[in-house]
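See structure below.
The values are calculated or read from the model by the stated rules, or taken from the named source; none is laboratory data. As the structure is a prediction and not an experimental result, all values here were calculated from the model. As a convention, Cβ positions derive from the backbone with ideal geometry for all residues, glycine included, and neighbour counts pool all protein chains shown. For the accessible areas, the whole protein counts, side chains as well, though only heavy atoms, and no ligand, DNA or RNA atoms are used. Shrake-Rupley method; radii C 1.70, N 1.55, O 1.52, S 1.80 Å.
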Amino acid sequence: MRSYGVSEAELAALAHAGDREAFGELVTRYGPQARRLARTILDDPDDADDAAQDGFLAAWRHLGRYDPGRPFGPWLLRIVANAAADRRRRRRVRQTEELSPVTASRTPGPATDADRRALREAFATALQDLPERQRTAVVLFDLEGYSHAEIADILGVPEGTVRSDVFHARRALRGPLAAWRGWKEQGG
Amino acid sequence: MTVHSPFDHAPDPAITDALREVLDVHDDPAFVRAVLERTRTPAPFWEILGDWARPEVAAALLLVAVGSFLLGRLVAPAPNELAAGDVVQAGFEASTLFADVRAPDVETLLADGTTR
């Protein structure tokens, strides 16, 4: 794509002027982040992808409100987070399926695919069981690499709240993570 | 596992790897195409209306409303206010108070009482 190497602000300005190729470059750059964020908020992957699309579309229509002096990512992800939360409210998406009752204290047994899946599932369950804001904060911090201040901007909460959310989320995830890693280190 | 504090300011690599595995999304050109396709559809009318109803417009409308109200007050004084002078001109007649459809003010009533 010809816009490779162009700054976000320049791409946003081009897109605002109607350049769909420039906007496509922004979608390529931020698509995975937006989709992961939406999946953090919505359980259903298809629903999450639709929400991420909604977010990009809203961003396209309101590019005039983007401040080019600031990073594009937090501005976009705030829109995506709102789109996902809005979709969840409208569709009343709920996770109803019961996941396998694997506990964090479980000692990894024989290295089987079933164990690997169960331990991975336990971590996924622990993640899903977190309050939504904690879940979103830890994903944005530990996976996407945003700072506490940027996450506070995305979620519209004080920075101290983000620090607290990340701390509590990590604490809740470390149990299942230890079991999963223990299995991996045993040769799984 | 290392001990972490609430003041951690860097991502935890172990959590990062686990989250990446659980929330894995494949690089999907179809997603980009779908978004770009949707940008070709015009915005729904309620979004356009929503853009018009931005706070700036609302503030301007409020300003116009307040200005109109104040201007109206200056140009046409309220007709149903009974001044003490009206009663004095009427000669302090009690019938004036009852005959007038407008309510007398307190000063008029007090002034009337001191003359008896």
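Peptides A:14-26, A:35-47, ordered by how many other C-beta atoms sit within 10 Å of their residues on average, highest first, read A:35-47, A:14-26.
Across the stretch A:147-161, rounded Karplus estimates of 3J(HN,Hα) from the backbone phi angles (6.51 cos²θ - 1.76 cosθ + 1.60, θ = phi - 60°) give 7, 4, 5, 5, 5, 4, 5, 5, 8, x, 10, x, 4, x, 5 Hz, Gly and Pro being marked x. Go through the stretch A:13-21 residue by residue and turn each phi into a ³J(HN,Hα) via Karplus (6.51, -1.76, 1.60, θ = phi - 60°); whole Hz please, and just put x for glycine and proline. Per residue, the Karplus-derived 3J(HN,Hα) values read 5, 5, 5, 5, 7, x, 7, 5, 5 Hz. Residues with beta-carbon under 10 Å from that of A:Trp60, excluding A:Trp60: net charge, scoring Lys, Arg +1 and Asp, Glu -1? Net charge in that neighbourhood comes out at +3. If one takes the accessible area of chain A alone plus chain B alone and subtracts that of the pair, with a 1.4 Å probe, what total in Å², rounded to the nearest 100, results? What A and B bury together is about 3700 Å². Can you compute 3J(HN,Hα) from phi for each residue in the stretch B:29-34, using the Karplus curve 6.51 cos²θ - 1.76 cosθ + 1.60 with θ = phi - 60°, rounded to whole Hz and x for Gly and Pro? These are the phi-based 3J(HN,Hα) values: x, 5, 5, 4, 4, 5 Hz.
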